[in-house]
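Asks: One structure is given below, represented as C-alpha cells, and several questions about it will come after.
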Amino acid sequence: MSATELAKLTTNAKNALAEALSCAKRVTGPATSQTNDRRSAYSEMQSGPMKDSRLSDEVFDLLYAKHKPELAVLRLNRILKEEPENVEANSLRAYALNKLANATKDWKYSKSAIASADKALSLNSSDEFALIGKGWALIDLGKADEAIPYLIRATRANPRNEYGWYNLAWAQFLTGNLAECSSSLAKALELSPNNVIIRRGKRMMMAGNVPAHLRRNSTSR
C-alpha cells in the first residue's frame, strides 16, 4: 500500500467505520462493569484449547501479567532446544516474539515469529495460535493482505477465539475492507465485550488511527 493510498484510507475510515460498526454496538451493548473493564489482558487470553495447558498459563503470565516477553522467549527457546517438534511451544514462541517486537519496536522479531509459526503449522496446519501468530506478524510487517488468509483459517479453527477475529479485523481495516472489518470486530466483541484490548482497537479504527509502525512498514514495502 502506497503512502497516498494509506492516507486516503485513514481519511475515509472514520465515517465508514462509524456507520458500519453500529452493528457491533447492537450486538454487544455498552460495558456493564468497570471491574470487568479493568480485567487484565492475561485473563482475557484464557480461551481455546490451550487454556488448561500449564505451559500456556506460564507464558501468558509472563506476557500479559508480568510484561516480560523476553523471558517468555527464553523459556520457550529452552523447551524447543530439547523438543524442536513441540507444536505448542513453537506456536507460543510466535506469540511471544510478536509481543517482544511490539515492546521493543524491533520488527526482526516479527520475522522470527513467522518462522516459529511456520514450524508449528508444518506439524499442525490448524493450530489456531500459530495461525494468529503468523497473521499478527504479517500485519506488523506491513503485509496485512497476506495475513488475511491465515486469520480466516484461525477463525475457522476456533470460531470462539476473539483474538482471531480481532486480528482479522485489523488486517481487513488496513486493506480497506471496512464492511468485513466491522463484521469481524463485532464478532470479537460479541465473544469478549469487555476486552480492553479489543475495545481500544475499535476506538482506533473508528478514529482512522493507524499505529505509526503500521504506517511505516506498509509504505516501506
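Read-outs throughout are calculated quantities, based only on the coordinates presented, and are distinct from any laboratory measurement. All values derive from a computational prediction rather than experimental measurement. Reconstructed Cβ throughout: ideal geometry from the backbone, glycine too, with neighbour counts over all protein chains shown.
Asks: Just in the range 55-101: which GluC sites (Glu not before Pro) are loop by DSSP and have at most 16 other Cβ atoms within 10 Å?
Replies: Those that pass, being in a loop and sparsely packed, are E85.
Asks: Quick one: of K99/K187; K66/K187; K68/K134; K81/K111; K66/K143, which pairs are farther than 26 Å apart, Cα to Cα? It would help to have the intermediate numbers written out before the result.
Replies: Numbers: K99/K187 23 Å; K66/K187 28 Å; K68/K134 20 Å; K81/K111 19 Å; K66/K143 29 Å.
Over 26 Å apart, Cα to Cα: K66/K187; K66/K143.
Asks: Magnitude of the Cβ-charge dipole of the range 148-221, K/R +1 and D/E -1, about the Cα centre, nearest 20 debye?
Replies: Roughly 200 debye, rounded to the nearest 20.
Asks: Considering only C-alpha atoms, what is the centroid distance from the range 194-208 to the range 165-182, in Å?
Replies: Distance between centres, Cα-based: 12 Å.
Asks: Residue by residue through the range 104-119, what is 3J(HN,Hα) from phi via Karplus (6.51 cos²θ - 1.76 cosθ + 1.60, θ = phi - 60°)? Round to whole Hz and write x for glycine and proline.
Replies: So the J values, rounded to whole Hz, are 9, 6, 10, 7, 5, 5, 5, 5, 5, 4, 4, 4, 5, 4, 4, 5.
Asks: Right, something else. Could you run the Karplus curve 6.51 cos²θ - 1.76 cosθ + 1.60 with θ = phi - 60° over the range 191-202 and give me ³J(HN,Hα) per residue in whole Hz, x for Gly and Pro?
Replies: Going residue by residue, I get 6, 9, x, 9, 5, 5, 5, 5, 5, 5, x, 4 Hz, with x marking Gly and Pro.
Asks: K66 to R156: extension gain in nm, 0.36 nm per residue of separation minus the Cα-Cα distance?
Replies: Extra length available between K66 and R156 comes to 29.3 nm.
Asks: To continue, here is another question. Based on the mean of other Cβ atoms within 10 Å per residue, sort peptides 201-207, 137-143 so the most packed one is first.
Replies: With the highest mean Cβ count within 10 Å placed first, the list reads 137-143, 201-207.
Asks: What is the order of S192, S116, S183, S125, fewest Cβ neighbours within 10 Å to most?
Replies: In increasing order of surrounding Cβ atoms, one gets S125, S183, S192, S116.
Asks: List every residue whose amide H lies under 5 Å from the amide H of K68, counting only residues 5 or more places away in sequence or on a different chain, with H placed 1.01 Å from N in the peptide plane.
Replies: Under 5 Å from the amide H of K68: L63.
Asks: To continue, here is another question. With r as the distance between the Cβ atoms of H213 and E83 and R0 = 30 Å, compute the FRET efficiency 1/(1 + (r/R0)^6) and round to 0.05.
Replies: With a Förster radius of 30 Å, E is 0.35.
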